[in-house]
Amino acid sequence: MSVVGTGYLGAVHAACMASLGHEVIGLDVDEQKVRLLSSGKAPFHEPGFDELLKEQVDAGRLTFTTDPADVADCRVHFIGVGTPQTSDGDAADLTYVDAAITNLLPHLGPVDGRAPLIAGKSTVPVGTAQAIAERIAPTGALLAWNPEFLREGFAVQDTVSPDRIVYGLSKDEAVAAESKAILDEVYADLLAREIPLVVTDYATAELVKVAANAFLATKISFINAMSEIADATGADVTTLAEAIGHDDRIGKKFLRAGIGFGGGCLPKDIRAFMARAGELGLDDTLTFLREVDTINDRQRVRTVDAARTAVGGDLAGRTVAVLGAAFKPDSDDMRNSPALDIAKRVQDEGARVRVTDPAAGAVLRARGSEFDVVDSVEEAAQDADIVLLLTEWRQFREIDPVELKKVAPAATILDGRNALDPKRWRDAGWTYIGIGRP
């Protein structure tokens with residue numbers, strides 16, 4: 001099989017498929033990335049991926065190339081390219097998907113007398129798969145849509161042990177049956193473990209991914225809206241979340257109030273979903289997602305407001321320690337990172353900002369960051385007027401407040417992820433500020 005696109009999604013999928021015993025070729029236009037992956041080195045931080053990648057490359061089951069002709073003998077072609085937000089609107093940019101299909105078209109033909117299968121994993125607007133199916137029809141190739149549900153920080157686990165597998169298949173029964181048979185072979189080991197399989201049509205499979213992301217974003221913004229009410233009334237949003245989370249119709253996951261969501265998926269996916277609804281003439285259907293997006297952005301403003309208030313009403317000239325740059329822990333992904341956005345807003349108000357992050361720090365420094373990027377919490381917090389915990393890395397959750405106070409005598413911390421024990425920090429002499437916590 002081939003995996004077209006070796007970014008975060010594609011590289012992880014390629015290595016995991018090789019670990020299941022398949023022969024995998026990763027195809028990408030980025031020569032530097034291909035050379036790095038071919039040497040068994042990962043271009044991004046993801047727990048467990050470095051070891052898996054090297055193991056599969058060394059075993060010879062996983063190779064990488066920039067030449068589409070090298071994948072001509074593959075029976076299955078997974079599409080794992082990015083679908084970012086367009087530069088002039090909210091819709092998904094399908095440039096990379098279109099390019100992937102264009103590069104494959106000259107090399108699609110029978111393999112051992114059987115039609116090849118293109119299996120889309122990229123998150124795309126509903127209707128994209130049908131258009132691709134019509135485009136590749138003259139070659140005799142089959143198409144399925146097989147969305148991914150990876151969580152950064154758990155991507156390897158989510159690929160080799162997913163909570164469900166979704167096949168979006170053609171409405172032509174013969175084509176659907178042949179496509180399903182191929183995917184069943186690809187995922188034989190997973191299906192043998194009775195991982196739930198949902199078989200549906202193209203449109204439903206496309207909607208599954210964006211609907212899931214929209215729902216998760218809604219849960220996050222809901223509890224952040226509750227944190228605003230809690231701040232205004234003296235209630236505790238963490239206890240509120242625990243109480244409603246015991247209701248199995250609601251569940252506890254994604255109910256931690258904080259500075260909001262970011263990353264390369266949720267923000268752009270909910271905007272693209274709204275844009276696609278508008279194209280379908282359903283402008284009013286997803287208007288609630290606009291408020292979800294607005295609440296999310298407002299959390300960043302509220303965090304800066306809280307920091308400003310905590311240091312006496314003016315951030316100019318203040319020293320601010322920012323713990324975290326990645327949008328979530330166990331990742332170096334800083335796309336649409338709330339932590340970085342807040343750091344920039346604080347710096348724009350005249351503060352001296354020092355940032356530290358166990359994985360993203362090195363990436364930030366290599367990019368020529370506008371911030372002072374340091375290697376440790378102690379360096380960041382040295383004589384800081386306020387410490388902002390903005391990414392809940394384990395290292396940050398386990399900070400000893402007594403020891404940290406020795407380098408940060410102002411002893412004020414804003415816990416933007418509600419990841420710390422307020423009593424422990426207050427007992428150590430800190431002014432502790434949470435999100436929606438009294």
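Assorted remarks:
- Exposure proxy ranking, count of Cβ atoms within 10 Å, fewest first, for 295, 118: 295, 118
- Degrees separating the helix 8-19 axis from the principal Cα axis of the chain, which is the longest one: 60 degrees
- Mean-position separation - Cα centroids, region 1-22 and region 205-272, in angstrom: 31 Å
- Cross-link pairs beyond the 18 Å C-alpha cut-off, checked among 219/253; 209/268; 328/406; 219/252: 328/406
- Across the alpha-carbon set of region 250-308, the Rg to Rh ratio works out to 1.06, Rh being the Kirkwood radius.
- With a Förster radius of 30 Å applied to the beta-carbon distance between residue 86 and residue 246, the computed FRET efficiency rounds to 0.10.
- Estimated from helical segments only, the mean residue ellipticity of the chain at 222 nm is -13000 deg cm²/dmol, where each DSSP H run of four or more residues counts as -39500 (n - 2.57).
- Within the chain, antiparallel bridges make up roughly 5 percent of the DSSP beta bridges whose residues both belong there.
- Equivalent ellipsoid of region 338-438: semi-axes from √(5λ) of the C-alpha gyration tensor, largest first, are 22, 14, 13 Å.
- log₁₀ of I(q)/I(0) at q = 0.08, 0.11, 0.15, 0.17 Å⁻¹ - region 258-433, Debye sum with one point per alpha carbon: -0.26, -0.48, -0.81, -0.99
- Once the convex hull of all Cα atoms in region 90-214 is built, its volume per residue stands at 123 Å³.
- Modelled label reach - residue 161, point 7 Å along Cα→Cβ, region 57-88 residues with backbone N closer than 20 Å: none
- Charge tally in the Cβ shell below 13 Å around residue 208, where Lys, Arg are +1 and Asp, Glu are -1, residue 208 excluded: -2
- Sorted ascending by nearby beta carbons within 10 Å, beginning with the fewest, 229, 244, 259 become 229, 244, 259.
- Viscosity 1.567 mPa s, temperature 4 °C, Stokes-Einstein D of region 2-195 from Kirkwood C-alpha radius, µm²/s: 77 µm²/s
- The value of relative contact order for region 248-317, using C-alpha pairs under 8 Å at least six residues apart, is 33 percent.
- Listed from fewest to most Cβ neighbours within 10 Å, the set 199, 126 follows the order 199, 126.
- Here the alpha carbons of region 149-274 define both size measures, Rg and Dmax, at 18.5, 62 Å.
Computed from the coordinates by the stated procedures, all read-outs in this text should not be read as laboratory data. In this text the structure is predicted, and so the values were computed from the model without any measurement. Here the Cβ is made from the backbone with ideal geometry for all residues, glycine too, and neighbour counts use every protein chain on show.
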